[in-house]
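The values are calculated or read from the model by the stated rules, or taken from the named source; none is laboratory data. Please read all numbers here as calculations on a predicted model, not as lab measurements. Cβ sites come from the backbone with ideal geometry, for glycine too, and all protein chains shown count toward neighbours.
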Amino acid sequence: MKKKIIFAVFLVLIILAAPSCQKDCKNCKKVYYTNGTTFDHEDDPAQYCGAELLVIEGTDPMTIGPYTVKWECN
């Protein structure tokens, strides 16, 4: 019984500590430009952290039809 309580406390501490490891987070959004330069619209920003943030920041702008889609993070 004592081992189960210690394990449960340890598990709770791990769960509480996990979000604090993700210090490198940014709010990112997709911004759409018409003909590459004229602002058209943007998606709502969302928070990205860790590997997902690295992928977003490493993504080059894409041209799809008349739109150029670019990730912007701050």
Looking at this structure, is E72 of a type in the set (D, E, K, R) and part of a strand (DSSP E or B)?
yes
Step by step: first the residues of the range 15-69, then only those that are of a type in the set (F, W, Y) and touching a Phe, Trp or Tyr at 6+ places or on another chain (Cβ under 8 Å), then the one that is modelled with the lowest pLDDT. Which residue is that?
Y67
